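Chemist: Let me begin by handing over the structure; questions about it come next.
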Amino acid sequence: MISIGTLTGRIFRSIFLIAIVVVLFAGVLVSGLVYSLFDNQLRRELLNTAELIESSLPTLSAGTLDSALSSQFDPDEAAAATQSLVGDKLAYLEGLELRELRVTWIAADGRVLYDSAASEGAELENHLSRPEVQLALRDGSGFANRHSATLDENTVYLARLLPDGSILRVAGTQKSILGHMLAALGPVILILAAVAILAAASARLMARRILGPLESIDFEEPLMSDTYPELAPLLTRLNTARHEIAERTAQLDAQREEFSVVTGSMREGLVLVDSRDQVLFINEAAAQVFEVTPADVLGRHLLVLDRNSRMQHVVAAARENVGAEGTIERDGRVYQLRASPVIAEGDAGGVALLVLDITEWYQTDAQRREFTANVSHELKTPLTVINGYAELMERGMVEPADAERFMRLIHEEATRLITLVDDIITLSQLDESESSALVPPVFEPVDLAELAQEVCGRLASFAQGREIDLVLDTAAAEGTATVEGVPVLLSKMLYNLVENGIRYTDPGGKVAVSIAEAKGESVVLRVSDTGIGIPAALHDKVFERFFCVDHSRSRDTGGTGLGLAIVKHAAVLHQADVTLTSAEAKGTTVEVRFPHP
């Protein structure tokens, strides 16, 4: 059995169909030729019969019959004359035995004098308008064909003009081409079946003989194969490609071995997934983390490693951005996920996922955050009470001699501690927002220019009291200073930057706040001061919690050491970049670059 979808099947089908089409076409041509021969034979037979009848008919002079039939005679005399003139011819015509031919004798005016196919006494219509009669009157003789759809037959008429002016018509019938084919349908079907069987056998044999040399090609040594000369260029290329593939395979094997050695010695887990999140590779470290066997997960979905949706979110986010990070927990340990897209032809298809064990760091950080949150909540209530008593003392409700001085100190310390607690709470909230994607903060459009005006208004009296010139410039923004963010955090960030600038600037100095758009891609918040500046060695530490450049100055001015830490964490939450430029005794500039919404 030959499959039609194979090359052998296609060759077989082509040869078989061509053979059948050729046979059918030849059959149609032969049928047409045979029908033409039959038609010509019938015409010759009609012509011979007409000539024979014409030569055998009793002759009348031209016009005699017409005169006899003319209405000039008395009807009785005309009938007698007619009977006398035509009697001999009618007797001759009636005596003819012409098997399948029809003979008609027609007067010059179209009246039928005799018709071998008409029943006796039947009245026939006038034949003057018949095509063959018209041709005979004009040219002396003429043929005409008429088809009978009922009998599926063609009738051929031959009319000849006799010397006496009458017309002799001879007609014969034969079947149409379709009729002949239907009559021979049985033999035709048998012939077609025999031809089909012969064509199928021949096509099958020829297809196998054509493909035999192709099937015998040795792909290991293609140049040694005995096949068609026309395939020599192809075999040469196959031989060259085989050697190139062998070399590249060896190179790939070496690279794969090197890759396996490197990834096998990694302490970090490594997982590679394709565009459909199917695992392409997993090293031993990652297999141990997810408690799987590498061979069992290759080619399967990422969910077979861990059904935690956070890992899927990290992989999906990596395809949208340059990279993404997240954390998951397994068996009491915490792992950090770092996903980077694998760019192929400009599209991020696959993703490389690193799995890092950060349990110790996470526990330490969690304890620190827990301690900060607990201390904040535990101290806020008593400090608020202290602040209340200080206010009572400040109002003169306590009579000791030094009540006023103690009242002021208690009130200042209480206020500072409350500020500290507020900052710690803010940092704790920011930490929770960064480490958890379960309850993301609510972002909304915020106009930084309006926010800067509000913050500078709140700090105007503080700057005036320290004899600092506070300047706000939002002209460069020109209505394009809107960013997506959390209004409370953005306000806190801006307040801390401006307040820090005022705190660490000597009287007579200047703090400048500006909002501008950078090339339509980002909105830049810049706070500059002419204060004490920050030594270059401390630039990397100023954003750490509780870090102060000048502890005594910070304590005197009421600083908590958490302002820039809040700025840094709030910037991370808003996907903003923070840069610091400072020189000792020359001032400091902090620039926050927000992505344009």
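Chemist: When you scan region 443-539 for strands (runs of 3 or more DSSP E) that lie fully inside it, which ones turn up with 1 or more residues that are small (Gly, Ala, Ser)?
Modeler: On the way: elements: 444-447, 469-473, 482-485, 510-518, 522-529.
It comes to 482-485, 510-518, 522-529.
Chemist: On the given criteria, is Val322 exposed (fewer than 14 other Cβ atoms within 10 Å of the Cβ), within 35 Å of the chain's Cα centre (by Cα) and under 27 Å from Val572 (Cα atoms)?
Modeler: Values: exposed (fewer than 14 other Cβ atoms within 10 Å of the Cβ): yes; within 35 Å of the chain's Cα centre (by Cα): yes; under 27 Å from Val572 (Cα atoms): yes.
Here the answer is yes, as Val322 does meet what is asked.
Every residue, every condition in (1) more than 32 Å from the chain's Cα centre (by Cα); (2) surrounded by fewer than 16 Cβ atoms within 10 Å (Cβ to Cβ); (3) of a type in the set (A, V, I, L, M); (4) not assigned by TED's automatic domain parsing to the domain that holds Ile328, yes or no:
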{"position": "Glu257", "(1), (2), (3), (4)": "yes, yes, no, yes"}
{"position": "Val262", "(1), (2), (3), (4)": "yes, yes, yes, yes"}
{"position": "Thr293", "(1), (2), (3), (4)": "yes, yes, no, no"}
{"position": "Asp306", "(1), (2), (3), (4)": "no, no, no, no"}
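Chemist: What tally of residues in region 308-319 results from selecting those that are surrounded by fewer than 18 Cβ atoms within 10 Å (Cβ to Cβ) and in contact with a helix residue (DSSP H, G or I) (Cβ under 7 Å, 6 or more places away or on another chain)?
Modeler: Residues in region 308-319 being surrounded by fewer than 18 Cβ atoms within 10 Å (Cβ to Cβ) and in contact with a helix residue (DSSP H, G or I) (Cβ under 7 Å, 6 or more places away or on another chain): 1 in total.
Chemist: Additional query: Could you list all residues from region 290-305 that are in contact with a helix residue (DSSP H, G or I) (Cβ under 6 Å, 6 or more places away or on another chain) and part of a loop (DSSP other than H, G, I, E, B)? It would help to see each step written out before you state the result.
Modeler: Taking region 290-305 and keeping what is in contact with a helix residue (DSSP H, G or I) (Cβ under 6 Å, 6 or more places away or on another chain), we get 294, 297, 304-305.
Selection gives Leu305 alone.
Okay, residues lined up against (1) assigned to a helix (DSSP H, G or I); (2) among the aromatic types (Phe, Trp, Tyr); (3) at pLDDT below 75:
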| residue | (1), (2), (3) |
| --- | --- |
| Pro187 | yes, no, yes |
| Arg237 | yes, no, no |
| Leu272 | no, no, no |
| Val279 | no, no, no |
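Chemist: So, of the residues in region 482-523 that are charged (D, E, K, R) and under 17 Å from Ala585 (Cβ atoms), which turns out to be modelled with the highest pLDDT? Give the steps one after another, and end with the answer.
Modeler: Going residue by residue through region 482-523, those that are charged (D, E, K, R) are 484, 492, 499, 503, 506, 510, 517, 519, 521.
Now narrow it down to the ones that are under 17 Å from Ala585 (Cβ atoms): 503, 506, 510.
Working: Arg503: 87, Asp506: 89, Lys510: 93.
Looking at the filtered set, the residue picked out is Lys510.
Chemist: Let me ask something else about it. State which residue pairs qualify: first residue surrounded by 15 or more Cβ atoms within 10 Å (Cβ to Cβ) and inside region 35-51, second residue of a type in the set (Lys, Arg) and modelled with pLDDT of 80 or more in any location, beta carbons under 7 Å apart, and separation of 6 or more residues or different chains.
Modeler: Cβ pairs passing all conditions: Ala50/Arg160.
Chemist: OK, next. Against the definition (at pLDDT 75 or above and either in contact with a Cys (Cβ under 9 Å, 6 or more places away or on another chain) or assigned to a helix (DSSP H, G or I) (or both)), how does Ala200 come out, yes or no? Steps first, please.
Modeler: Details: at pLDDT 75 or above: yes; either in contact with a Cys (Cβ under 9 Å, 6 or more places away or on another chain) or assigned to a helix (DSSP H, G or I) (or both): yes.
In short, yes.
Chemist: For Glu467, indicate whether it is over 51 Å from the mean Cα position of the chain (by Cα), on the phi > 0 side of the Ramachandran plot and either modelled with pLDDT under 75 or not assigned by TED's automatic domain parsing to the domain that holds Met311 (or both).
Modeler: Details: over 51 Å from the mean Cα position of the chain (by Cα): yes; on the phi > 0 side of the Ramachandran plot: yes; either modelled with pLDDT under 75 or not assigned by TED's automatic domain parsing to the domain that holds Met311 (or both): yes.
Judged against the criteria, Glu467 is a match.
Chemist: Considering only residues that are over 40 Å from the mean Cα position of the chain (by Cα) and on the phi > 0 side of the Ramachandran plot, which ones fall in region 475-530?
Modeler: Glu478, Gly479, Gly508
Chemist: A further question follows. Would it be correct to say that Glu100 is assigned to a loop (DSSP other than H, G, I, E, B), modelled with pLDDT of 70 or more and loosely packed, with under 13 Cβ neighbours inside 10 Å? Lay out the reasoning, then the answer.
Modeler: On the way: assigned to a loop (DSSP other than H, G, I, E, B): yes; modelled with pLDDT of 70 or more: yes; loosely packed, with under 13 Cβ neighbours inside 10 Å: yes.
So Glu100 passes the test.
Chemist: Examine region 395-407 for a residue that is closer than 30 Å to Tyr362 by Cα, modelled with pLDDT under 90 and either within 45 Å of the chain's Cα centre (by Cα) or surrounded by 14 or more Cβ atoms within 10 Å (Cβ to Cβ) (or both), and state whether such a residue exists. Working first, answer last.
Modeler: Quick first cut of region 395-407, residues closer than 30 Å to Tyr362 by Cα only: none.
Checked against the condition, which is being closer than 30 Å to Tyr362 by Cα, modelled with pLDDT under 90 and either within 45 Å of the chain's Cα centre (by Cα) or surrounded by 14 or more Cβ atoms within 10 Å (Cβ to Cβ) (or both), region 395-407 yields no hits at all.
Chemist: List every residue pair whose Cβ atoms sit under 7 Å apart, with the two residues 6 or more apart in sequence or on different chains, where the first one lies in region 501-526 and is outside the structural domain of His596 (by TED's automatic domain parsing) and the second, anywhere, is surrounded by 16 or more Cβ atoms within 10 Å (Cβ to Cβ) and at pLDDT below 90.
Modeler: none
The values are calculated or read from the model by the stated rules, or taken from the named source; none is laboratory data. Given the structure is predicted, the values throughout are model-derived calculations rather than measurements. Backbone-built Cβ (ideal geometry, glycine too); neighbour counts: all protein chains shown.
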